[in-house]
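Asker: Next up is a structure, given as structure tokens.
The values are calculated or read from the model by the stated rules, or taken from the named source; none is laboratory data. Predicted model only: the values in this text are computed from it and were never measured. Positions of Cβ are generated from backbone atoms using ideal geometry, with glycine treated the same way; all protein chains shown enter the neighbour counts. Areas reflect the complete protein model, heavy atoms only, side chains present, ligands, DNA and RNA absent. Shrake-Rupley method; radii C 1.70, N 1.55, O 1.52, S 1.80 Å.
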Amino acid sequence: MKFSLAVYAAPHSSQSAASALRFARTLLEQGHQLYRVFFYCDGVHNGSAIAAPPQDEANLVGQWQALQKQYSLDLVICIAAAQRRGVLNRREAERLERPAANLAEGFELAGLGQLADAVANSDRLVTFGN
Amino acid sequence: MTLHIVNKSPYSSRALADCFASFADGDALLLIEDGVYALTGFIADNIAVAPVYCLEADVRARGLQMPKGIQSLDDTGWVKLCTEHNPIVSWFQ
């Protein structure tokens, strides 16, 4: 079955972002497809390459990246939510004249249309709130 | 039929109450994260919907007892439950 996930929570603000990762990993291990993960609102922080959690805590950004590599996942960060919160790729950083880009490898910036597309092309959308 | 997922404690959020208000015959309720606190105290006695599931890992992480009539799931069971219901509605406000 084809799943998509919408993630609204930042890695360290609630358990929700970790739940989303757990769910994604389990469904892939069960042989289901993950069409897209759409990170929205504070969820955009899951794609920040400069987050540096202590070594004895879960590194969700790194774990998403590993999963992305293993399954060639489509990890999409809402571009409007990301601009407000300071998650920028190089192109956006230059365009908006900001001093640094911090979008983690394996993630992409795109518009809300990608969420609508995910809903249209998946059998299930599971939302992980904040 | 709809699977309702609640991840907030009923003692701090209206998420569960709002979920109950739109619960229809054939729907199912899944309690995850702090939502499992609905299994405690007077709230547990007032869950009038069925079936009710909860994530075992989240229940254990909070040191709670599993009341009778509630089905606990591991992560595999969680995914399977999501394949059996459509749509899946998350309540988190």
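Asker: Taking all protein chains in place and a 1.4 Å probe, what share, in percent, of the accessible surface of chain A do carbon and sulfur account for? It would help to have the intermediate numbers written out before the result.
Answerer: Values: 2890 of 6370 Å².
Roughly 45 percent, rounded to a whole number.
Asker: Per residue, how large is the accessible surface of the protein assembly as shown? Use a 1.4 angstrom probe and give square angstrom. Kindly include the intermediate steps, with their values, before the conclusion.
Answerer: Numbers: 10860 Å² over 223 residues.
I get 49 Å² per residue for this part.
Asker: Can you tell me how the range A:2-128 classifies by the Cα gyration tensor, rounded, prolate or oblate, using a/c under 1.5 as the rounded cut?
Answerer: Values: a/c = 1.83, a/b = 1.28, b/c = 1.43.
Oblate is the answer for the range A:2-128, as a/c is 1.5 or above yet b/c matches or exceeds a/b.
Asker: Taking a probe of 1.4 Å and counting only protein heavy atoms, give the total accessible area buried between chains B and A in Å², rounded to the nearest 100.
Answerer: Details: alone 5310 and 7190 Å², together 10860 Å².
Buried area (both sides, nearest 100 Å²): 1600 Å².
Asker: Using Cα pairs closer than 8 Å and at least 6 residues apart in sequence, work out the relative contact order for the range A:2-128, in percent. Intermediate results must be reported in sequence, preceding the final value.
Answerer: Details: 222 pairs, mean separation 44.2, N = 127.
Over the range A:2-128, the number comes to 35 percent.
Asker: Now for a different question. Using the Cα centre as the reference, give the magnitude of the dipole from point charges on the C-beta atoms of the protein assembly as shown (Lys, Arg: +1; Asp, Glu: -1; all else neutral), rounded to the nearest 20 debye.
Answerer: Approximately 320 debye in magnitude.
Asker: Counting Lys and Arg as +1 and Asp and Glu as -1, each charge on the Cβ, what is the dipole of chain A about the Cα centre in debye, to the nearest 20?
Answerer: Values: 12 positive and 12 negative charges, 27 e Å.
I would put it at about 140 debye.
Asker: In addition: Would you look at the GNM of chain B, springs on alpha carbons closer than 10 Å, and say which of B:11, B:37, B:53 moves the most?
Answerer: Greatest mean-square fluctuation among the candidates belongs to B:11.
Asker: Looking at the range B:4-40, which residues lose a minimum of 40 Å² of accessible area between their chain alone and all protein chains in place, measuring with a 1.4 Å probe and not counting ligands or nucleic acids?
Answerer: Listed by number, the residues meeting the 40 Å² cut-off are B:33.
Asker: Among the residues of the range B:44-93, which ones have their accessible area go down by 50 Å² or more when all the protein chains sit together, as opposed to their chain alone (1.4 Å probe)?
Answerer: B:75, B:78, B:79, B:83, B:88, B:92
Asker: Under a Cβ-only charge scheme (Lys and Arg +1, Asp and Glu -1), can you give me the dipole magnitude of chain B about the Cα centre, in debye to the nearest 20?
Answerer: Details: 6 positive and 11 negative charges, 36 e Å.
With only Lys, Arg, Asp and Glu charged at Cβ, the dipole is about 180 debye.
Asker: Once you order the gyration tensor axes a ≥ b ≥ c over the Cα atoms, which shape class does the protein assembly as shown get: rounded for a/c under 1.5, otherwise prolate or oblate by comparing a/b with b/c? Mind showing how you got there, number by number?
Answerer: Values: a/c = 1.97, a/b = 1.76, b/c = 1.12.
Prolate shape, in that a/c is at least 1.5 and a/b is the bigger ratio.
Asker: How high is the FRET efficiency between residue B:1 and residue A:58 when r is their beta carbon distance and R₀ equals 30 Å, given to the nearest 0.05?
Answerer: Details: r = 34 Å, r/R0 = 1.13.
Between residue B:1 and residue A:58 the formula returns 0.35.
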